[in-house]
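Presented below is the structure to which this report refers.
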Amino acid sequence: MTVLHSFEHLRLAQAFSDYLNSKNIHNIIQRSEFQHQIIIKNETQLILAESELALFLANPTKSKYLSASWESGNIEENSTSLAYANSSLLSNFKQHGGIITHSVFIICLVIYGVSALGFFNPINSIFSFFVKQPFDYLQSWRFITPAFLHFSLLHIVFNSLWWWQLGGMVEKKQGKQRLFILFLFSAIASNLAQFFLVGPYFGGLSGVVYALVGYCWLYGLMNKGSQVHLPNSMFAFLLGWLVLGFIDILPVNVANYAHLVGLLAGLLLAAACSKLKL
């Protein structure tokens, strides 16, 4: 068997696979969270499959590809809006994740939008961390809510997309309770670390995102075949960004200790869940 091509989107892979099968080019899809590989079973059909691939990549929205999926039964009656290149962003958003993933995503966007319009200053808002000690435990939400604050478009785009990708994976595969615990634990831990080591003026979902990075990577490493995982290359890339933050060569201010402690929190939870077989 030979890998013909890797698709990022499952619908594209499914459409092309169905079309190949309609041409009696036998293949399977090897699926993962980040890529979907078309594998040709019979190597004598590889050249023909490659020529079909070139045509497909040139025009994946052509009706014959969608027709092949309909004929194979791989597109449900109510799912035409999900068809590969024409798939609805809203439908994809809803499918990848659940109530926790979507709620945090939307809260971050709404708070950023309102603050960007000038209705309030996020750093001195009811969402910011405690500016003065001792902590007012009647406002205990402040241990968590700095995670919802973002100060630039790049900041919120980076954090929200990684949250949606990794948080959605955890919630879909392991449940909303697991993601909720991971969010609370890492948000509180990373916020406290940034406060005590630097100060109260910070915000962002980055600490939680790095917790997800650590959690998904180590959980997948300790549980072979788990659907919750992160490729080593991607883990190394994000770890590199963390290191660059500490070197202080990035063009933006970064809550480095929130990132580091978030990562450690995620690694700790992954190790605990793996040992307890959760």
- Pop the C-beta distance of Leu221 and His9 into the FRET formula with R0 = 22 Å and round what comes out to the nearest 0.05. 0.30
- Accessible area per residue, Å², the chain with all protein chains present, probe 1.4 Å: 53 Å²
- Once you've got the GNM for the chain with C-alpha springs shorter than 10 Å, pick whichever of Gln14, Gln227, Gln139 has the biggest mean-square fluctuation. Gln139
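Please list Lys62, Lys176, Lys132 from largest to smallest accessible area, probe radius 1.4 Å, with all protein chains kept in place.
Ranking Lys62, Lys176, Lys132 by accessible area, largest first, yields Lys132, Lys176, Lys62.
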- Could you pull the accessible area for Val110 with a 1.4 Å probe, rounded to 10 Å²? 80 Å²
- Item | Sequence-separation-based contact order of the chain, relative, with Cα cut under 8 Å and 6+ spacing, percent | 15 percent
- Cut-off under 5 Å, modelled amide H: who pairs with Leu4 long-range: Ile38, Ile39, Ile40
- Item | Set of lysines with alpha-carbon distance to Lys94 below 19 Å, sequence-local pairs under 8 removed | Lys172, Lys173, Lys176
- Note on the structure: Helix 99-116 sits off the longest principal axis of the Cα atoms of the chain, rounded to the nearest 10 on a 0 to 90 degree scale, by 60 degrees
- Item | Length gained when the stretch Asn42-Ile247 is fully extended (0.36 nm per residue, less Cα-Cα span) | 68.7 nm
- What ³J(HN,Hα) values, in whole Hz, does the Karplus curve 6.51 cos²θ - 1.76 cosθ + 1.60 give for segment 239-246 when θ = phi - 60°, with x put for Gly and Pro? 5, x, 5, 4, 5, 4, x, 6
- Item | Choice from Ile106, Ile156, Ile188 with maximal GNM fluctuation in the chain (Cα, 10 Å cutoff) | Ile106
- Item | Size of electric dipole in the chain: Cβ of Lys, Arg +1 and of Asp, Glu -1, about Cα centre, debye, nearest 20 | 540 debye
- Give the long-range amide H neighbours of Asn27: residues separated by 5 or more places, or on another chain, with amide H under 5 Å away, using H modelled in the peptide plane at 1.01 Å from N. Lys41
- Angle in degrees between helix 176-197 and the longest Cα principal axis of the chain, rounded to the nearest 10: 40 degrees
- With all protein chains present and a 1.4 Å probe, how do Trp141, Trp162 order by accessible area, largest first? Trp141, Trp162
- Percent of accessible area on the chain owned by carbon and sulfur, 1.4 Å probe? 62 percent
- Query: So how do Asp248, Asp18, Asp136 rank on accessible area, 1.4 Å probe, biggest first, that is with the largest at the start?
  - Reply: Asp248, Asp136, Asp18
- Message: Tell me the accessible surface of Val243 in square angstrom (1.4 angstrom probe, heavy atoms of protein chains only), to the nearest ten.
- Response: 70 Å²
- Note on the structure: In a Gaussian network model of the chain with springs linking alpha carbons closer than 10 Å, the residue among Ser160, Ser51, Ser103 that fluctuates most is Ser51
- Area accessible to solvent at Glu52, 1.4 Å probe radius, in Å²: 30 Å²
- Query: When Cα Rg over 2.2 N^0.38 Å is calculated directly from the model, which label among (1) 0.98; (2) 1.08; (3) 1.18 fits?
  - Reply: (3)
- Nearest 10 degrees, 0 to 90: what angle lies between the long axis of helix 206-222 and the longest principal axis of the chain (Cα atoms)? 50 degrees
- Work the Kirkwood hydrodynamic radius out for segment 130-273: mean of 1/r over every pair of different alpha-carbon atoms, inverted, in Å. 15.3 Å
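The values are calculated or read from the model by the stated rules, or taken from the named source; none is laboratory data. No experiment lies behind these values; they were computed from the predicted model shown. Don't worry about glycine lacking a Cβ; one is built from the backbone with ideal geometry, like all the others, and counts go over all protein chains shown. What goes into the accessible areas is simple: the full protein's heavy atoms, side chains included, and nothing from ligands, DNA or RNA. Shrake-Rupley method; radii C 1.70, N 1.55, O 1.52, S 1.80 Å.
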